[in-house]
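Below is one structure, written out as structure tokens; comments come after it.
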Amino acid sequence: MASSKEYLDFVLEQLSELDDITYRAMMGEYIIYYRGKIVGGIYDDRLLVKTVKSAISLMPAAPYELPYEGAKEMLLVDNIDSKEFLTELFNSMYDELPTSKK
């Protein structure tokens, strides 16, 4: 099942406090970038983020889910209604994220 543009728009609105949030559509899903680094994505209308230490510490009970068959597990963000939480999450994750390959 592909993700809806409406869900993407909602997540982007929730992330509007952050500068330089971008996305790229890929096979019906959306990869989310923060200041040029991949933070996670929207898969089947779920916001999933990379499993870095800061994300795990902010969401210790978050379930690990597969974005698609054969992928690495990611953390499900279930608190997408809080702009403050998402801003804190993305800011805390930034330094741990690898630089995107060109």
**Message:** Relative contact order for the chain: what percent, with Cα pairs under 8 Å and sequence separation of 6 or more?
**Reply:** 27 percent
**Request:** Would you work out what percent of the accessible area of the chain, with all protein chains in place, is carbon or sulfur (probe 1.4 Å)?
**Result:** 52 percent
**Request:** Using a 1.4 angstrom probe, figure out how much accessible area the chain has per residue, in square angstrom, rounded to the nearest whole.
**Result:** 59 Å²
**Complete:** The distance between the Cα centres of the stretch 38-102 and the stretch 1-33, in whole Å, is 13 Å
**Prompt:** Expressed as a fraction of 2.2 N^0.38 Å, the rule-of-thumb size for a compact globular protein of N residues, what is the C-alpha radius of gyration of the chain?
**Reply:** 0.97
**Message:** Pairs on different chains or at least eight residues apart, Cα atoms closer than 15 Å: how many lysine pairs in the chain fit?
**Reply:** 4
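The values are calculated or read from the model by the stated rules, or taken from the named source; none is laboratory data. Predicted model, so just to flag it, every value in this text is computed and none were measured. The protein model used for the area step is the full one, side chains on, heavy atoms only, and it has no ligands, DNA or RNA in it. Shrake-Rupley method; radii C 1.70, N 1.55, O 1.52, S 1.80 Å.
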